[in-house]
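I have a structure here, written as structure tokens, and I will follow up with some questions on it.
The values are calculated or read from the model by the stated rules, or taken from the named source; none is laboratory data. Small disclaimer: the values here were computed from a predicted structure and weren't measured. FYI the Cβ positions are ideal-geometry reconstructions off the backbone, even for glycines, and counts take in every protein chain you see.
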Amino acid sequence: MKSARRAALARVSAATMIAFAVTGCTAAAEKSAPPTLATAGAPVLNVNFADPDVVKVNDTYFAYATNDNNRNVQVASSTDLLDWEVLPDALPELPSWIIPGKTWAPEVTRLTDDSFVMYFTATNFAPTLQCIGVATATDPAGPFTVQGDAMIICPSDEGGAIDASTVVIDDVLFLVWKNDGNCCELDTWIQAATLSPDGLRITSDPIRILKQTEEWEGDLIEAPTIVARGSGLVMLYSANSYGDERYAVGAAWAAAIDGPWTKVVGPILSTDGSGGLYRGPGGQDLVLGPDGKDYLVFHGWDKDFTYRALHIAETEWDAGIPRVVIPN
């Protein structure tokens, strides 16, 4: 779990069911200013930059994304969340037991010793499934180096595992992921297990905490983001087919990681719910902006559904309810 995300969101109670409220705004924003409501709808990085994850280190934000542009893991940096510089490959070397070409959904976590650990999805050589590996670096820009001689999560009887994220609960680091059941007509469970302090090993049996149950979710939920809030937890997740406008963001809350988890009715961010402003939004993260406001980071399709660009939307919290403001 990113320290900036924990600090930004700790003030909100998880006991409140969350919902998304959409309001209007006519505020304008200068390009040099921190992100404002006027940036809604326009990508801040208009290239293929799917499944974003953002970490703030000192005064710089680092955004990581699924492979593209001859990079296994894309990374870009910014000081204001608006202007981004694309950097060299954050994970330039893959070991022989990984089949290159599908390095997805990276999650980077800053540890207490100021080192960085990356969890990434890639195609395992045997069994040939999408599974989760781990890499480390001393610099958030990388290069990250894959650790060990195998994936750390690769359940062959569950279709593999993808979309890792982390959360710290009572000073314990957890890895959270989705078993890739939709590859083979299985349920897609969001699961969690504790990690060693160095982030390199799973130290408990996985627990299943949430799966697809709602009509709008289709046959899968994935891309979990869990936020610790005082005595409880809130999860954001993506659901349905990532390749079209059905993809959307949902939410659930619980008092503890093993639940029970209660879902918000309907998606909290979707194509229809944003009036078509965002197409198939998902792969979300939460970050504290340089202006002290909270922002939802996610990808959305371009108008022709040819690539997924990076979007930032301001999120206001009011009695536990996040509000994304959509301009008229």
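Can you tell me which residue in the stretch 149-162 is farthest from the chain's Cα centre (by Cα), limited to those that are under 17 Å from LEU175 (Cα atoms) and surrounded by fewer than 22 Cβ atoms within 10 Å (Cβ to Cβ)?
Within the stretch 149-162, the match that is farthest from the chain's Cα centre (by Cα) is ALA150.
Follow-up. Under 8 Å by Cβ, and 6 or more places apart or on different chains, what pairs join a residue from the stretch 90-104 that is free of Cβ contacts under 8 Å to residues at least 40 places away in the same chain with one that is among the aromatic types (Phe, Trp, Tyr) and surrounded by 18 or more Cβ atoms within 10 Å (Cβ to Cβ)?
THR103/PHE120
May I ask you to list the residues in the stretch 212-236 that are assigned to a strand (DSSP E or B), among the small types (Gly, Ala, Ser) and modelled with pLDDT of 90 or more?
ALA223
For the stretch 90-132, enumerate the residues that are among the aliphatic types (A, V, I, L, M) and at positive phi. First the steps, then the outcome.
Taking the stretch 90-132 as the starting set, the residues that turn out to be among the aliphatic types (A, V, I, L, M) are 90-91, 94, 98-99, 105, 108, 111, 117-118, 122, 126, 129, 132.
Correct list: ALA105 only.
Also, I was wondering about something else. Give the residues of the stretch 69-90 that are in contact with a strand residue (DSSP E or B) (Cβ under 6 Å, 6 or more places away or on another chain) and either of a type in the set (A, V, I, L, M, F, W, C) or assigned to a strand (DSSP E or B) (or both), sorted by residue number.
Once the filter is applied, which keeps residues that are in contact with a strand residue (DSSP E or B) (Cβ under 6 Å, 6 or more places away or on another chain) and either of a type in the set (A, V, I, L, M, F, W, C) or assigned to a strand (DSSP E or B) (or both), the stretch 69-90 yields VAL73, GLN74, VAL75, ALA76, SER77, SER78, LEU81, TRP84, GLU85, VAL86, LEU87, ALA90.
Another question about this same structure. Go through VAL287, VAL324 for me and flag whichever is at pLDDT below 95, farther than 16 Å from PHE49 by Cβ, assigned to a strand (DSSP E or B) and in contact with a Phe, Trp or Tyr (Cβ under 8 Å, 6 or more places away or on another chain). Even if it seems obvious, please write down each step before you answer.
Values: VAL287 fails: farther than 16 Å from PHE49 by Cβ.
When all the criteria are applied, what remains is VAL324.
Output the residues belonging to the stretch 206-216 that are buried (at least 21 other Cβ atoms within 10 Å of the Cβ) and touching a Lys or Arg at 6+ places or on another chain (Cβ under 9 Å).
The initial filter retains those residues of the stretch 206-216 that are buried (at least 21 other Cβ atoms within 10 Å of the Cβ), namely 209-210, 212.
LEU210, the sole residue that qualifies.
Oh, and also: Tally the residues that are of a type in the set (S, T, N, Q) and assigned to a loop (DSSP other than H, G, I, E, B), restricting the search to the stretch 91-126. Reasoning before the result, please.
Within the stretch 91-126, the subset of a type in the set (S, T, N, Q) is 96, 103, 109, 112, 115, 121, 123-124.
From the residues that got through so far, the ones that are assigned to a loop (DSSP other than H, G, I, E, B) too are 96, 112, 115.
Here the count works out to 3.
Restricting the stretch 235-245 to residues that are surrounded by 17 or more Cβ atoms within 10 Å (Cβ to Cβ) and under 17 Å from LYS178 (Cβ atoms), which is farthest from the chain's Cα centre (by Cα)? Before the answer, list the steps.
First, the residues of the stretch 235-245 that are surrounded by 17 or more Cβ atoms within 10 Å (Cβ to Cβ): 235-240, 242, 245.
Among the residues that remain, those that are also under 17 Å from LYS178 (Cβ atoms) are: 235-240, 242.
On the way: MET235: 11, LEU236: 9, TYR237: 8, SER238: 9, ALA239: 13, ASN240: 16, TYR242: 14 Å.
Here the answer is ASN240.
Looking at ASP149, ASP198, ASP163, ASP244, which is the one that is in contact (Cβ under 8 Å) with a residue 40 or more places away in the chain, within 19 Å of HIS299 (Cβ to Cβ), of a type outside the set (Val, Ile, Thr) and not in a strand (DSSP E or B)? Steps first, please.
Details: ASP149 fails: within 19 Å of HIS299 (Cβ to Cβ); ASP198 fails: within 19 Å of HIS299 (Cβ to Cβ); ASP163 fails: not in a strand (DSSP E or B).
Result: ASP244 is the single residue among ASP149, ASP198, ASP163, ASP244 that is in contact (Cβ under 8 Å) with a residue 40 or more places away in the chain, within 19 Å of HIS299 (Cβ to Cβ), of a type outside the set (Val, Ile, Thr) and not in a strand (DSSP E or B).
Which of the residues spanning the stretch 87-111 are more than 15 Å from the chain's Cα centre (by Cα) and among the aliphatic types (A, V, I, L, M)?
Correct list: LEU87, ALA90, LEU91, LEU94, ILE98, ILE99, LEU111.
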